[in-house]
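These notes concern the structure reproduced below.
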Amino acid sequence: MRKEHSVKLHILKTLSDGEFHSGEALGQGLGISRAAIAKHVKGLNDWGVDIYRIQGRGYQLAQPLQLLNEYELVKRSVTQVELISVIDSTNQYLLERVNDSEKGRVCLAEYQAKGRGRRGRQWISPFGTNLYLSMYWRLDAGMAAAMGLSLVVGIAAVEAIESMGVRGVKLKWPNDIYYQDKKLAGILVEMSGQAGGAAHLVIGMGLNIGMPDLQSEIDQPWTTLNQVSDDLSIDRTQLAINLIDHWKVALEEYEMTGLAGFVERWNRLDNFLGRPVKLLMGPREIHGVVQGIDHQGGVVLETEKGLETYIGGEISLRKGD
Ligand code: ATP
Ligand code: BTN
């Protein structure tokens, strides 16, 4: 780990007791000056951590931080798990390692400096409050099966969230997770596969759990799990373990029996079932009412011309008028 990262993480671990710590005491613990501490605290603001200072008392976290528990993650997960607190992108990390990874290998982070969404867009990834999780999977059936897979991981993710006692979380085709018509999580499946051979996939999910309210950079309505369930405090480590478990089981089922068993599960959770939507495909817009998904994972719309099915990675679904 880079030295400046380990200094920042040390400061955060010390502050995570919720108490005030003076710049001097923090500096002594690390063998650096008060001025250097001040500089790192400023850098921590760029990670999305809100720390303030009161003259004479020192630094304190504006919100309590509950960091992921690496020991529990490694011990209780059903696959190989690595927690890399500070990373560019968990998807990128696994994409660079597909050739020496076992199926199911997972990478988690507390902060992503270059979290990404579809088509090169940015995924806002502040430190220590949400989940950024990626899993490597190999599909021997090749690329063609990847579309269905991205629906399957969405279903499994909502079911994992439900296993924490949360209700009302939904899916937006093809692979966003919604709550009350706002984006709660996004899934990005990336591939590095040889044509004709097995497809090497990295499945990444960013799930907002305690997203701070200051994320004005996000240009669409979004929400965060701790708003969904006020009286329920979400244990991020437990949720990550459940997600990994649900993903693995669902992916194995998908490999054996395809989408057949998932169509009903999808339709129960479809945020737009029976509602008007528009599909954006480059300059084209298609209007219709959602009828669910078909056995290949396409979205079925009732349009002016009757029932039509659409499929493909370049389509965006939006609420209709
Ligand atoms: P599509 O419907 O085509 O998937 P999208 O805009 O929902 O479109 P992406 O482009 O894959 O999906 O996702 C990136 C978008 O997600 C960003 O442009 C931003 O609007 C939004 N976004 C980024 N970070 C977050 C976050 N932490 N929580 C919710 N939304 C975010
Ligand atoms: C979307 O835009 O809807 C998908 C967002 C996917 C974000 C996750 S966070 C973990 C993984 N690493 C990344 O860089 N992106 C994905």
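Observations on the structure shown:
- One decimal place: the segment Ser22-Arg318 gains 101.6 nm when fully extended, by the rule 0.36 nm per residue minus the C-alpha distance.
- The fraction of Cα-Cα pairs per 10 angstrom bin, counted from 0 for segment 53-96, comes to 20, 30, 27, 16, 6 percent, rounded to whole percents.
- Per-residue accessible area (protein heavy atoms, 1.4 Å probe) orders Arg318, Arg2 as Arg2, Arg318, starting from the largest.
- Listed by chain and number, the aspartates and glutamates whose alpha-carbon sits under 20 Å from that of Lys305, ignoring those within fewer than 8 places in the same chain, are Glu285, Asp294, Asp321.
- Ranked by the mean number of other Cβ atoms within 10 Å of their residues, highest first, the peptides 83-93, 127-137 come out as 127-137, 83-93.
- Links that overshoot a 18 Å alpha carbon limit, given the list Lys13/Lys42; Lys182/Lys278; Lys183/Lys319; Lys182/Lys319; Lys3/Lys42; Lys75/Lys114: Lys75/Lys114
- Using a simple spin-label model with pseudo-atoms 7 Å out from Cα toward Cβ, Arg57 and Gln227 lie 2.9 nm apart.
- Taking the inverse of the mean reciprocal distance over all distinct Cα pairs, the Kirkwood hydrodynamic radius of segment 172-318 comes to 17.4 Å.
- Value of Rg to Rh for segment 3-61 (Rh from inverse mean 1/r over Cα pairs, i.e. Kirkwood): 0.90
- Potential lengthening between Thr303 and Tyr71 on full extension [0.36 nm per residue; Cα-Cα distance subtracted]: 78.3 nm
- Within the chain, the whole DSSP H helices whose Cα atoms reach 27 Å or more along their own axis and whose mean Kyte-Doolittle score is at least -1.0 are 236-257.
- Taking 0.36 nm per residue of sequence separation and removing the Cα-Cα distance, the Asp50/Arg121 pair yields an extension gain of 23.1 nm.
- Check: the chain dipole with +1 on Lys, Arg Cβ and -1 on Asp, Glu Cβ, in debye: 760 debye
- Residue (of Gly261, Trp123, Leu12) at the positive-pole extreme of the chain, dipole from beta-carbon charges: Leu12
- Anisotropy class of segment 273-317 from Cα gyration tensor, a/c 1.5 cut: oblate
- Counting only protein heavy atoms and using a 1.4 Å probe, the accessible area of Glu314 comes to about 130 Å².
- Here the dipole of segment 273-317 is about 100 debye; that uses its Cα centre as origin and unit charges on the Cβ of Lys and Arg (positive) and Asp and Glu (negative).
- Cα→Cβ-extended label distance, 7 Å offset, between Ala144 and Met281, nm: 2.0 nm
- Working value for the chain: equivalent-ellipsoid semi-axes of 38, 22, 17 Å, each the square root of 5 times a Cα gyration tensor eigenvalue, largest first.
- Computed about the Cα centre, the dipole magnitude for segment 49-97 is approximately 240 debye when only Lys and Arg (+1) and Asp and Glu (-1) carry charge, each at its Cβ.
- MRE, 222 nm, helices only [DSSP H, n ≥ 4, -39500 (n - 2.57), over the chain, to nearest 500]: -9000 deg cm²/dmol
The values are calculated or read from the model by the stated rules, or taken from the named source; none is laboratory data. Just so we're clear, the structure is a prediction, and the values are computed from it rather than from any experiment. Note that we place each Cβ from the backbone using ideal geometry, even for glycine, and neighbour counts take in every protein chain shown. Heads up: the accessible areas ignore ligands, DNA and RNA and are worked out on the full protein's heavy atoms, side chains in. Shrake-Rupley method; radii C 1.70, N 1.55, O 1.52, S 1.80 Å.
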